[in-house]
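The values are calculated or read from the model by the stated rules, or taken from the named source; none is laboratory data. None of these values were measured; they are calculated from a predicted model. As a convention, Cβ positions derive from the backbone with ideal geometry for all residues, glycine included, and neighbour counts pool all protein chains shown.
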């Protein structure tokens, strides 16, 4: 079951829960990137090796830099006073005490990087206690993007962000990896087989593509990159109706959120256009309000 099929199922089952039984007959696997199911698959305390292999492949860590153990931490960091609460998809630390944050970004959102930075800042702030110095641990952030966030970069699915100064690495303790799933699949489809990327990350993504397309995955491949139980754990039959209906409700909420984000983006664009045209003398504020459907308060300068 791919993303579009899951969304279609979510819309249908949200209105007609009795249809879930029909989807069980159609699909072999669940959609592995819905929030709850992804956590059950990749933050399974009974199968820690799976998470370690997943992280090493996705972060490209090998040799001495490879993660050997990953201890799951508390996924919720409550807000204090006016702070927003941070709820991580998966949060944990390596054997070296290095925090690793895993997030799945479900919808296109121009502020998703802002959210990642905020969540990362919350991780940083809770690693330093009173009377301690500011020797921060190395922090890894992995964001799986189920929708393309960088459509202009047609041939780049992996985005590795670091702090640089004058184009040189300035701070080596923060690594942010953004992985666009659909972009990777599209690149694969137009690349001759002999020229396709040969890396553990690419092989991991190919496994998930096979899951999405309900294909059989060789057991040896699963044992090498995840574990032999993964195919069974991601199958539809492993999940109760209650769990799946909860996932449906969660995805339905996200669809409404996406619609709201889109509308907000359109309104923000209209405000920006209005300000530019007024500044250029092409429109008066009154004309902008009438033609672009913005308010007088929208046109006021932002307070510093």
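Summary table
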{"quantity": "Residue count, the range 151-161 (criterion: in a loop (DSSP other than H, G, I, E, B), without any contact (Cβ under 8 Å) to a residue 24 or more places away in the chain and within 17 Å of the chain's Cα centre (by Cα))", "calculated": "1"}
{"quantity": "Restricting the range 97-119 to residues that are in a loop (DSSP other than H, G, I, E, B) and under 9 Å from the mean Cα position of the chain (by Cα), the residue that is nearest to residue 248 (Cα to Cα)", "calculated": "106"}
{"quantity": "First in the range 91-117 and surrounded by 19 or more Cβ atoms within 10 Å (Cβ to Cβ), second anywhere and assigned to a helix (DSSP H, G or I) and modelled with pLDDT of 90 or more, Cβ under 6 Å, 6 or more apart", "calculated": "104/38"}
{"quantity": "Given (1) within 20 Å of residue 202 (Cβ to Cβ); (2) touching a helix residue (DSSP H, G or I) at 6+ places or on another chain (Cβ under 6 Å), number of the condition residue 77 does not satisfy", "calculated": "(1)"}
{"quantity": "Any hit, the range 49-56, residues being crowded, with 17+ Cβ neighbours inside 10 Å, part of a loop (DSSP other than H, G, I, E, B) and touching a strand residue (DSSP E or B) at 6+ places or on another chain (Cβ under 9 Å)", "calculated": "no"}
{"quantity": "Filtered residue count, the range 24-36, keeping only those that are touching a residue at least 60 places away in the same chain (Cβ under 8 Å) and either exposed (fewer than 13 other Cβ atoms within 10 Å of the Cβ) or out of contact with any strand residue (DSSP E or B) (no Cβ under 8 Å at 6 or more places or on another chain) (or both)", "calculated": "6"}
{"quantity": "Output for the range 81-111, where each listed residue is touching a strand residue (DSSP E or B) at 6+ places or on another chain (Cβ under 8 Å) and over 30 Å from residue 49 (Cβ atoms)", "calculated": "85"}
{"quantity": "Identity of the residue in the range 175-208, in contact with a helix residue (DSSP H, G or I) (Cβ under 7 Å, 6 or more places away or on another chain) and surrounded by fewer than 16 Cβ atoms within 10 Å (Cβ to Cβ), that ends up nearest to residue 60 (Cα to Cα)", "calculated": "203"}
{"quantity": "Complete set of residues in the range 2-20 that are without any contact (Cβ under 8 Å) to a residue 24 or more places away in the chain and either in a helix (DSSP H, G or I) or surrounded by 16 or more Cβ atoms within 10 Å (Cβ to Cβ) (or both)", "calculated": "4, 8, 12, 15, 18, 19"}
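A quick yes/no check of all residues on (1) modelled with pLDDT of 95 or more; (2) under 21 Å from residue 2 (Cα atoms); (3) outside any loop (DSSP other than H, G, I, E, B):
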| position | (1), (2), (3) |
| --- | --- |
| 128 | no, no, no |
| 131 | no, no, no |
| 144 | yes, yes, yes |
| 149 | no, yes, no |
| 187 | yes, yes, yes |
| 209 | yes, yes, yes |
